[in-house]
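Some notes on the structure that comes next.
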Amino acid sequence: MLEPFQFLEPGELIDDDLTLILSAKAPKDIQKGFSPAYIFDMIHSDNHNKMGRIDLRIGETTELIMYGGQIGYGVEPEYRGNHYAARSCKLLFELAKRHELSPLWITCNPDNMASRKTCELAGGTMIEIVDLPEDNLMYRQGERQKCRYRFDL
């Protein structure tokens, strides 16, 4: 990973009817244990509707690699089924490589079949299902396990 950390220009991120627009750059928050992150809106290229959001978290902490994942995404219900999340992940892989994030990790809940399919469509390999530690924020919010997908960029 580049040290000291600096945000890079992501460039144009377009795949057919999907455009990723950088909406924010979140700095590292040591108190919360958050890594710096790029936050993108998934925008429909034709009608400019917001279809979802995807974050690229720049870090290699145990928390990110094991539990939180270096990419997080969500697609609005009316746009699901079009592989926008998988396509968005693929669009971010070059930026992740520029930050020397290889392998890259994405996690999801074991019962989230849509997210598991997204990881597979984006080219990830399911490595394992891990138990969340009791001191983890997601555990305190009721989650218990995460699937870990590895992406060799």
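The values are calculated or read from the model by the stated rules, or taken from the named source; none is laboratory data. In this text the structure is predicted, and so the values were computed from the model without any measurement. Heads up, the Cβs are rebuilt from the backbone with ideal geometry, glycines too, and the neighbour counts pull from every protein chain shown.
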Worksheet item: Quick one: which strands (runs of 3 or more DSSP E) sit completely within the stretch 64-153 and have at least 2 residues that are touching a strand residue (DSSP E or B) at 6+ places or on another chain (Cβ under 8 Å) and of a type in the set (Asp, Glu)?
Response: 125-131
Fill in: Candidate set from the stretch 27-47 (those that are at pLDDT below 95 and within 14 Å of the chain's Cα centre (by Cα)); member that is surrounded by the most Cβ atoms within 10 Å (Cβ to Cβ)
35
Item to complete: Count, please, the residues in the stretch 115-134 that happen to be within 10 Å of residue 86 (Cα to Cα), exposed (fewer than 14 other Cβ atoms within 10 Å of the Cβ) and either in contact with a Cys (Cβ under 9 Å, 6 or more places away or on another chain) or hydrophobic (A, V, I, L, M, F, W, C) (or both).
Response: 0
Worksheet entry | Verdict on residue 95 being within 13 Å of the chain's Cα centre (by Cα) and surrounded by 13 or more Cβ atoms within 10 Å (Cβ to Cβ) | yes
Item to complete: Within the stretch 17-44, track down each residue that is out of contact with any helix residue (DSSP H, G or I) (no Cβ under 8 Å at 6 or more places or on another chain), outside any strand (DSSP E or B) and within 17 Å of residue 92 (Cα to Cα).
Response: 17, 36
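When only residues in the stretch 48-65 that are charged (D, E, K, R) and under 17 Å from residue 92 (Cα atoms) count, which is modelled with the lowest pLDDT?
Here the residue is 60.
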Item to complete: Using the structure shown, decide if residue 73 is over 15 Å from residue 114 (Cβ atoms) and touching a helix residue (DSSP H, G or I) at 6+ places or on another chain (Cβ under 9 Å).
Response: no
